[in-house]
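In what follows, a single structure is set out as structure tokens and then discussed.
The values are calculated or read from the model by the stated rules, or taken from the named source; none is laboratory data. Everything quoted here is computed from the prediction, not taken from an experiment. Note that we place each Cβ from the backbone using ideal geometry, even for glycine, and neighbour counts take in every protein chain shown. All accessible areas refer to the heavy atoms of the entire protein, side chains included, with ligands and DNA or RNA removed. Shrake-Rupley method; radii C 1.70, N 1.55, O 1.52, S 1.80 Å.
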Amino acid sequence: MIDLILSKYLYNLNCKKTNNYVKNKLGPVITISRECGCNASVIANKLSLELSKQKKHVSNVEKWIWINKEILSDSAKKLNVHPHKIEHIFKAEEKPFLEDIVSSFFNSYISESIIKKTITDIIKLYAENGNVIIVGRAGSVITEYLPDSIHIKLIAPLTWRVDNFSKKNNLPAKEAKKIILNTDKNRENFIKFFTKNTDNENYHAIFNCSKLSIDEIIKQILFLAKQKKLC
């Protein structure tokens with residue numbers, strides 16, 4: 001995925017030179033924050049396809065993409081470590097004390113501050129090169145400085161999410177609820193790594209997935225994207 005981003009960077013750089021674009025124009029980017037069980041991946045995938053259709057002649061580097069887990073693998077690649085070495089950050093978990101002490105005696109030791117900076121750099125790289133939908137990973141917080149951006153949040157009542165998650169993953173409702181509550185807590189803690197402000201002030205729109213269908217939500221986001229001239 002990093003190779004694609006580098007290709008897009010070179011493409012956009014060439015466009016700016018040949019078409020005399022604004023020197024510091026960055027993006028566009030759409031971020032989707034979500035409560036667990038709100039079908040964010042499905043929405044992001046369908047939205048990226050719809051956004052790509054907005055242009056008549058679309059090359060691979062112009063297409064919209066959506067990312068989530070790629071941020072972990074790309075961050076690990078940049079740090080030259082296996083993803084499991086840094087995934088505790090993404091899960092908002094404390095690294096076991098003994099493991100942290102042992103690691104500090106070896107060259108493979110990487111501090112949390114370096115991991116967080118790397119995550120931030122990777123997300124900014126994706127966002128600034130544009131045509132990307134970032135699902136989770138504190139994307140709305142890290143990219144809020146970009147004017148060509150839209151920040152979306154997906155919510156739904158817990159009972160609706162439990163029912164949706166259990167059906168989708170073929171799990172008992174009790175187990176689904178436990179996973180959802182734990183995931184929501186981890187995601188909230190992960191965002192706190194990057195900001196103390198965890199309210200909803202930086203979102204352009206919040207959609208209740210129990211009230212709107214996937215296609216209806218996508219249509220609303222497309223409308224916002226056109227209004228802000230992101231596509």
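For Trp66, the residues whose amide H sits under 5 Å from its own are Ile133, ignoring neighbours fewer than 5 places away on the same chain, with H placed 1.01 Å from N. Distance from the Cα centroid of segment 206-226 to that of segment 121-151 is 19 Å (rounded to whole angstrom). With contacts taken as Cα pairs under 8 Å at a separation of at least 6 residues, segment 115-231 carries a relative contact order of 34 percent. Scalar couplings 3J(HN,Hα) for segment 115-131, obtained by applying the Karplus form with A = 6.51, B = -1.76, C = 1.60 to θ = phi - 60°, are 4, 5, 5, 5, 4, 4, 4, 5, 5, 5, 4, 4, 5, 5, 7, x, 6 Hz; x denotes Gly and Pro. Within the accessible area of segment 162-231, the carbon and sulfur atoms contribute 49%, probe 1.4 Å, all protein chains present. If you take all other residues with their beta carbon under 13 Å from the beta carbon of Phe194, and give Lys and Arg +1 and Asp and Glu -1, the sum is +3. Extension gain for Lys219 to Ser113 (0.36 nm times residue separation, less C-alpha to C-alpha distance): 34.3 nm. The HN-Hα couplings worked out from phi for segment 162-173 by the Karplus form 6.51 cos²θ - 1.76 cosθ + 1.60 (θ = phi - 60°) are 4, 4, 5, 5, 5, 5, 5, 10, 6, 10, x, 4 Hz, whole numbers, x standing for Gly and Pro. Here the 3J(HN,Hα) profile of segment 64-78, calculated from phi with Karplus coefficients 6.51, -1.76 and 1.60 at θ = phi - 60°, is 7, 10, 10, 9, 8, 5, 4, 5, 5, 5, 5, 5, 5, 5, 5 Hz, Gly and Pro shown as x.
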